[in-house]
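The values are calculated or read from the model by the stated rules, or taken from the named source; none is laboratory data. Since the structure is predicted, the reported quantities are computational estimates derived from the model, not experimental observations. Neighbour counts run over all protein chains shown; Cβ positions are idealised from the backbone, glycine included.
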Amino acid sequence: MVELRDGSTGRKIVEKGSSTDVGASDFIAWGRWIDGRSKARDGSEDGDDSKGKLATLHYFTATSTPVGATSGLFTSFASTSPTVQSNGNLVATGTVDSASGSITASLKLQGGGSANYSLTVPVAGQTFSLTGVATQTSLSGFAGVSVITSTGAACQGGCTGSLGNNISVIGQIAGSQGTQAGVVYGFNSRLGNVSGVIVFKR
């Protein structure tokens, strides 16, 4: 990924970056975008490189999604390097494929399903654990508020989700038969904002 545009307006949201931690498998692709510029605040395209510098952005995309309900156990097989950002700066980077976990999905055709998950994220000399029950948000999507703990001091006083309304996990099932999945995680800690992507298969 070298740029991202708003699907409705065509305006650039992020640009001038480069991808690392890139991977692809069947129906899903993932990576980490670095050293770019965010235009999400004002939508301008005036070429001012001093605006909206973006240290890193984790992403995944599904080339197709299920046509029916999805249920089963998904286990992780790859991940981007977990990162920690503080005051707009990248302060720590973990190891590619080190984040892992599992999802037990029960997404229904009519909605109202859920996905139980357990994620492990090692970065900055400690390991974070995220557990929770995500709520189905679409035929193939889910989002959850997690119980977040750490082997170090980063969650003293509490770690909270940073993806909106205390949400720390947003996921998508991929493939017409629902055989793969991607999850983006993001949460605030005493170290800064921790984020990354984990991909799964069943």
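Some notes on this structure:
- Filtered residues of the stretch 132-150 (kept if in a strand (DSSP E or B) and in contact (Cβ under 8 Å) with a residue 24 or more places away in the chain): G132, A134, Q136, G141, F142, A143, G144, I148, S150
- Check on L130, within 19 Å of I167 (Cβ to Cβ), at pLDDT below 95, surrounded by 15 or more Cβ atoms within 10 Å (Cβ to Cβ) and under 16 Å from the mean Cα position of the chain (by Cα): no
- Of the residues S146, S118, S162, S79, the single one that is farther than 22 Å from Q180 by Cα, within 15 Å of the chain's Cα centre (by Cα) and not β-branched (V, I, T) is S162.
- Being in a loop (DSSP other than H, G, I, E, B), crowded, with 16+ Cβ neighbours inside 10 Å and touching a residue at least 40 places away in the same chain (Cβ under 8 Å) is a description that does not apply to L109.
- Only residues that are over 19 Å from T120 (Cβ atoms) and in a strand (DSSP E or B) were counted in the stretch 151-202, giving 4.
- Sole exception among (1) out of contact with any Phe, Trp or Tyr (no Cβ under 6 Å at 6 or more places or on another chain); (2) aliphatic (A, V, I, L, M); (3) closer than 29 Å to S64 by Cβ for A174, by number: (1)
- F142, sole failed condition from (1) closer than 15 Å to N193 by Cβ; (2) of a type outside the set (V, I, T); (3) crowded, with 20+ Cβ neighbours inside 10 Å; (4) out of contact with any Phe, Trp or Tyr (no Cβ under 8 Å at 6 or more places or on another chain): (1)
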